[in-house]
Amino acid sequence: MKKNQYLILAILWFVFACKTTQKPAQNEQSKDLFSLFEEDANLKPFYSDKKGVFAKNGMIASAHPEASTAGIEILKMGGNAVDAAVATHFALAVVHPFAGNLGGGGFSVIRLKNGETFTLDFREKAPLKAHRDMYLDKDGNVIQGLSLKGHLASGVPGSVDGMVEMHKKFGKLSWEKVLAPAIRLAEKGVIQTEREALGLNNNAAVFKDVNGADLKYYKKTDGSKWQIGDLLIQSDLAETLKQIQKYKRAGFYEGKVAKLLVDEMAKGGGIITQEDLNKYHSAWRKPIIADYKNYKMITMPPSSSGGVALLQLLRFVEPFPLQQWGWNSAKTTQVMIEAERRVYADRAKWMGDIDFVDVPSDKLISREYLKSRWADFDSTKATNSKDIEGGNLPGYESKETTHYSVVDKEGNAVSITTTLNGSYGSKVIVAGGGFLMNNEMDDFSIKAGVPNMFGLIGSTANEIQPEKRMLSSMTPTIVEKDGKLFMVVGTPGGSTIITSVYQTILNVIEHKMSMQQSVNALKFHHQWLPDRTVFEPNAFSENTLKTLRDKGYIIDQQKGTIGRMDCVLVHPDGTLEGASDPRADNTSVGY
Ligand code: DON
């Protein structure tokens, strides 16, 4: 070979070596982060710089400071995490009427200090008189608003039964003591934050519309508008809570309170009867327990889709070097979006109440199945949701919810998400009872292919049947690491619950954020249909957005926020980090 041929070969080798040793992913990550921090000083990956709350003996992260304080009061009296969770639930029903409830339902994931795990499904059920087409007119068209507002929108409430069951099985402190903080808050009153005053003012007309012009509830005695700092006293609710304190389950599902509820339904054209209340029971279910890398996820089986969907999402991205690719970089975001698209398609096809339909949960979360679902993925372009259907398995949705996470000093942990569905649920306030009813019936697929309030569609698996539970997205989750309690997570947000929990877990595990940073971190969401990704302002750098848009992704900044997380992380020395979302009044209290 001639000398200049050697030279050409050397140059070619140099160019090739530079290309192969250059890690495009890392460059992309550093470029993204670089642009986040230096090219545009206003662009931050966090919604706020709120700091976590640190304590050793117990932590409650919830939507309201009074509710978290109620839980801590119970812990300090010697109650355990379950006692504290129950106290927090009833306090939220008083101080957080957007979503805290007696007339709603939810899901509880419990991990005891010895590692035993339990899940309780206290989701509402369709009333006995419910039927598949109850929200359709004679031509088969959806009657707008019927599943959302008013008496017919409610499922049979599960929350009180759920709290009684949890306390019966695990409570240490007396039921009477656990109910006391909520009763005190209802009787003495709650100081309204700006958000709460606004909520009551904005809904005054609809409360009147649904409950009658003579409604006195949620009104100031002088008839003026609610202001920040006003005191909301709820005497009827205090009486209802006292009935529950005295008679436990029977204090709500039988007797005085039940009669008020049934009379309210009859008065407003609802269908919930005493028989529905007698028959309602929450269900202990086998938790979904599955690993993601060396972490164990303990989460909710259906009637919530949350647990299955979360495990699918995590395992979908397990093979990819997300940490190396970086938080919200184009590569990381692309595989997360594509996972979300496929998971929400499966949700629509396969999932419903397991007491009524056979949900192939194990298969849906199996790595083999998930791998097969990547077959049509092309990293150079966006997949079109029209081309994605729920997978084939051999042999076979203003909105408010609330989540609270509790850890006691012994390491018992409780993760609960509960809701009325929409903000103040169906807006029906049980006259004399002082509590709101849910509008959870909208979570059913009220007509095949017609989206619910969260844009989610469903199939026969989630059609209405008497006593069936409507499919949920609530994803209360506990994470274990090396056999020890590691994280307690959850959030409201309708269909965005699953993807918010997913991002919060990945932020800690893959992107090495603290619990609070992970909660503060800006979020995005895709749910198969509509085929579009939404993101909180500043969640992506210009570079990431351009890369994704060039590949065909429809990706829009939204005005609102995503998620209101309330989480607890256990640090290696046992210190608890409570992280409550800066996006609302959420507050962690520890001791
Ligand atoms: O169960 C569900 O998935 C919905 N009813 C949750 C509603 C919700 O999160 C509203 N909150 N923002």
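The values are calculated or read from the model by the stated rules, or taken from the named source; none is laboratory data. What you are looking at is a predicted structure, and each value in this text was computed from that prediction instead of being measured. All Cβ positions, even for glycine, are placed from backbone atoms using ideal geometry, and neighbour counts span all protein chains on display.
Of everything in region 458-493 that's of a type in the set (G, A, S), surrounded by 23 or more Cβ atoms within 10 Å (Cβ to Cβ) and over 22 Å from Q517 (Cα atoms), which residue is farthest from the ligand (Cβ to nearest atom)? Show your work before the answer.
Looking only at region 458-493, we keep the residues that are of a type in the set (G, A, S), and these are 458-459, 461, 472-473, 483, 490, 493.
Subsequent filtering for residues that are surrounded by 23 or more Cβ atoms within 10 Å (Cβ to Cβ) retains 458, 472-473, 490, 493.
Right, trim to over 22 Å from Q517 (Cα atoms) and you get 458, 472-473.
On the way: G458: 12, S472: 3, S473: 4 Å.
In this case the residue turns out to be G458.
If a residue counts only when it is crowded, with 18+ Cβ neighbours inside 10 Å and not aliphatic (A, V, I, L, M), which helices (runs of 4 or more DSSP H) contained entirely in region 240-280 have at least 2 such residues?
Working: elements: 250-253, 255-268, 274-279.
Once the helices (runs of 4 or more DSSP H) in region 240-280 are filtered for at least 2 residues that are crowded, with 18+ Cβ neighbours inside 10 Å and not aliphatic (A, V, I, L, M), what remains is 250-253, 255-268.
From I416, I337, I388, I354, which residue is within 16 Å of the ligand (Cβ to nearest atom) and surrounded by fewer than 23 Cβ atoms within 10 Å (Cβ to Cβ)?
Numbers: I416 fails: surrounded by fewer than 23 Cβ atoms within 10 Å (Cβ to Cβ); I337 fails: within 16 Å of the ligand (Cβ to nearest atom); I388 fails: within 16 Å of the ligand (Cβ to nearest atom).
I354 is the lone residue from the list that is within 16 Å of the ligand (Cβ to nearest atom) and surrounded by fewer than 23 Cβ atoms within 10 Å (Cβ to Cβ).
Among the residues of region 288-311, which ones are part of a helix (DSSP H, G or I) and either within 16 Å of the ligand (Cβ to nearest atom) or modelled with pLDDT under 95 (or both)? Break it down stepwise before answering.
Initially, region 288-311 is screened for residues part of a helix (DSSP H, G or I), giving 306-311.
Within region 288-311, G306, G307, V308, A309, L310 meet the criteria.
Residues checked against (1) among the hydrophobic types (A, V, I, L, M, F, W, C); (2) farther than 30 Å from P537 by Cβ:
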{"site": "S305", "(1), (2)": "no, no"}
{"site": "L364", "(1), (2)": "yes, yes"}
{"site": "E368", "(1), (2)": "no, yes"}
{"site": "K371", "(1), (2)": "no, yes"}
{"site": "S379", "(1), (2)": "no, no"}
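Can you name every residue in region 185-207 that is of a type outside the set (D, E) and closer than 17 Å to G422 by Cα?
The first filter runs over region 185-207 and keeps only residues of a type outside the set (D, E), leaving 185-186, 188-193, 195, 197-207.
Residues satisfying the conditions are R195, L198, G199, L200, N201, N202, N203, A204, A205, V206, F207.
Any idea which of K169, K208, K225 is assigned by TED's automatic domain parsing to the domain that holds N101 and either within 30 Å of K279 (Cα to Cα) or modelled with pLDDT under 95 (or both)? Let's see the steps before the verdict.
Working: K208 fails: either within 30 Å of K279 (Cα to Cα) or modelled with pLDDT under 95 (or both); K225 fails: either within 30 Å of K279 (Cα to Cα) or modelled with pLDDT under 95 (or both).
One residue alone meets the criteria, K169.
Let me confirm something: among A180, A204, which residue is part of a helix (DSSP H, G or I), farther than 27 Å from V262 by Cβ and among the hydrophobic types (A, V, I, L, M, F, W, C)? Walk me through it before giving the result.
Working: A204 fails: farther than 27 Å from V262 by Cβ.
Testing whether each residue is part of a helix (DSSP H, G or I), farther than 27 Å from V262 by Cβ and among the hydrophobic types (A, V, I, L, M, F, W, C) leaves just A180.
Output the strands (runs of 3 or more DSSP E) that fall wholly within region 497-582 and possess 3 or more residues being of a type outside the set (V, I, T), or say none.
On the way: elements: 533-535, 555-557, 566-570, 576-580.
By residue number, 566-570, 576-580.
Can you tell me which residue within region 397-413, out of those that are among the acidic types (D, E) and within 12 Å of the ligand (Cβ to nearest atom), is nearest to A204 (Cα to Cα)? I'd like the intermediate steps shown before the answer.
Taking region 397-413 and keeping what is among the acidic types (D, E), we get 397, 400, 408, 410.
Subset that is within 12 Å of the ligand (Cβ to nearest atom): 397, 400.
Numbers: E397: 26, E400: 17 Å.
Selected residue: E400.
Give the number of residues within region 221-238 that are under 22 Å from A431 (Cα atoms) and either assigned to a loop (DSSP other than H, G, I, E, B) or touching a Ser or Thr at 6+ places or on another chain (Cβ under 9 Å) (or both). Write out each step before concluding.
Initially, region 221-238 is screened for residues under 22 Å from A431 (Cα atoms), giving 221-226, 231-238.
With either assigned to a loop (DSSP other than H, G, I, E, B) or touching a Ser or Thr at 6+ places or on another chain (Cβ under 9 Å) (or both) added as a condition, the list becomes 221-226, 233-234.
Residues that pass the stated criteria total 8.
Name the pairs whose Cβ atoms lie under 8 Å apart, with the first residue in region 420-444 and under 18 Å from P127 (Cβ atoms), the second away from the ligand (no atom under 14 Å from the Cβ) and in a strand (DSSP E or B), and 6 or more positions between them or separate chains?
F435/I429; L436/I429; M437/I429
For region 211-220, enumerate the residues that are farther than 18 Å from V190 by Cβ and either assigned to a helix (DSSP H, G or I) or modelled with pLDDT under 95 (or both). Please lay out each step first, then the result.
Within region 211-220, the subset farther than 18 Å from V190 by Cβ is 211-215.
Selection gives N211, A213, D214, L215.
Somewhere in region 259-281, is a residue more than 30 Å from H511 (Cα to Cα) and within 16 Å of the ligand (Cβ to nearest atom)? If you could, list the steps in order and put the result at the bottom.
Within region 259-281, the first condition is being more than 30 Å from H511 (Cα to Cα), and the residues that meet it are 259-281.
Subsequent filtering for residues that are within 16 Å of the ligand (Cβ to nearest atom) retains none.
No, the conditions are met nowhere in region 259-281.
Considering only region 465-483, I want to know if a residue exists there that is modelled with pLDDT of 95 or more, part of a loop (DSSP other than H, G, I, E, B) and more than 25 Å from S282 (Cβ to Cβ).
Of all residues in region 465-483, those modelled with pLDDT of 95 or more come to 465-483.
With part of a loop (DSSP other than H, G, I, E, B) added as a condition, the list becomes 465-468, 470-471, 473-476, 482-483.
Remaining after also requiring more than 25 Å from S282 (Cβ to Cβ): 482-483.
Yes: region 465-483 contains one or more residues that are modelled with pLDDT of 95 or more, part of a loop (DSSP other than H, G, I, E, B) and more than 25 Å from S282 (Cβ to Cβ).
Out of region 434-457, which residues are within 20 Å of N101 (Cβ to Cβ), part of a loop (DSSP other than H, G, I, E, B) and within 11 Å of the ligand (Cβ to nearest atom)?
Kept after step one, since they are within 20 Å of N101 (Cβ to Cβ), are these residues of region 434-457: 434-444, 452-454.
From what is left, the residues that are part of a loop (DSSP other than H, G, I, E, B) are 434-435, 438-439, 444, 452-454.
Selection gives N438, N439, F444, N452, M453, F454.
Out of curiosity, is I354 part of a loop (DSSP other than H, G, I, E, B) and modelled with pLDDT of 95 or more?
Values: part of a loop (DSSP other than H, G, I, E, B): yes; modelled with pLDDT of 95 or more: yes.
In short, yes.
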